[in-house]
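Please treat every number below as a calculation from the coordinates, not as lab data. Here the structure is a predicted model, which is why all the values come from computation and not from measurement. Positions of Cβ are backbone-derived with ideal geometry, glycine not excepted, and every protein chain shown enters the neighbour counts.
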Amino acid sequence: MLTMHRQLRITIDELRYIAITCPDCRTAVTLDMTLPTPDNTGYSFAPSKCPVCFREYDSAIRPNVNQLWKLWVALRQIGQRVSFVIDLPEEKTAEAKTDTQIPATR
Ligand SMILES: [Zn+2]
């Protein structure tokens, strides 16, 4: 049995969206990092509360998402040279055939 080690590589240029999942109602909000900040203040990229249940996001979400967005903006200057790498589940393939037919020679 052969095992293929697979990875997905995403450059900073290709990384465009970030999703925040509300810990209360499980709504996932996908934000486009290329667009102006949702609160239009320019100081915060992440919204302060869930748009569905209106609960404030956990205090760890907003500042960390804001920092990630600021880092993304800075890294886009060298976007093709920096990438994220994701390990994908291993893919098992059929066992390699080891017996080969050798033509008979006379
Ligand atoms: Zn919610």
* Asked: Where Lys and Arg each count +1 and Asp and Glu each count -1, what net charge lies around Arg16 among other residues with Cβ under 15 Å from its Cβ?
  -> -2
* Asked: To the nearest 0.05, how large is the calculated FRET efficiency for Val85 and Asp24 if R₀ is 22 Å and r is the Cβ-Cβ distance?
  -> 0.10
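Please report the net charge: other residues with Cβ closer than 13 Å to the Cβ of Met33, K and R +1, D and E -1.
0
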* Asked: Where Rh is the Kirkwood radius over the Cα pairs of the range 2-87, the temperature 10 °C and the viscosity 1.306 mPa s, what D in µm²/s does Stokes-Einstein return?
  -> 110
